[in-house]
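Data first, discussion second: the structure below is written as structure tokens.
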Amino acid sequence: MRAGRDGSGDFDASFSDASFTDKEGDTSSLERREKKVRAEFWDKLKRVAGRLPFVDDLVAAYYCSMDADTPLKVRATLLGALAYFILPIDIVPDFIAGIGYGDDAAVLAAAISLVSAHIRPIHRLAAAKALGKDLPEDDTTGAA
């Protein structure tokens, strides 16, 4: 993973692709989940971001799950929560005003509480950049 400010002061974060394997070496389930999240996350986020009070955590979780330096179990946990966010069928349908994303928020909050130590400042900075938010002047990521 590479992150930091370039000479112009712009933020750059690169996350390499990586595969998942379970203890038997079967990558099919996690690879399918990762492909689905990669393919559909940003489109869904664009449609609903203004209605989500947890959008910053959601995008930071996305970047953490795509970071090859993140442990496999953490990535799998986050990809499960992100896949739930993307799925069109929920316990509580997303189109119900006021409560539609409550189940998505609960799933994401549970996943983040389990793996919060692995969502690093670089993931939060990448999320802020992706959401068009102001970045701090100093680079606290420790990345070279």
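Where a number appears in this text, it was derived from the coordinates with a stated rule and is not lab data. Values in this document were obtained by computation on a predicted structure and should not be read as measured data. Please note: Cβ atoms are built from the backbone with ideal geometry, for glycine as well, and neighbour counts cover all protein chains shown.
Shown for S29, S113, S65: other C-beta atoms within 10 Å of each C-beta, ranked fewest to most, produce the order S113, S29, S65. Residues with beta-carbon under 12 Å from that of R120, excluding R120: net charge, scoring Lys, Arg +1 and Asp, Glu -1? Neighbour charge sum, excluding R120 itself: -1. Placing dummy labels 7 Å off each Cα toward the beta-carbon, the span from K36 to V55 is 2.5 nm.
Taking a cut-off of 22 Å between Cα atoms, list the lysines near K46, but don't count ones fewer than 8 places away on the same chain. Excluding near neighbours in sequence, the set is K35, K36, K129, K133. Determine, from the Cβ-Cβ distance of K133 and S28 and an R0 of 41 Å, the FRET efficiency 1/(1 + (r/R0)^6), rounded to the nearest 0.05. Computed FRET efficiency for K133 and S28: 0.65.
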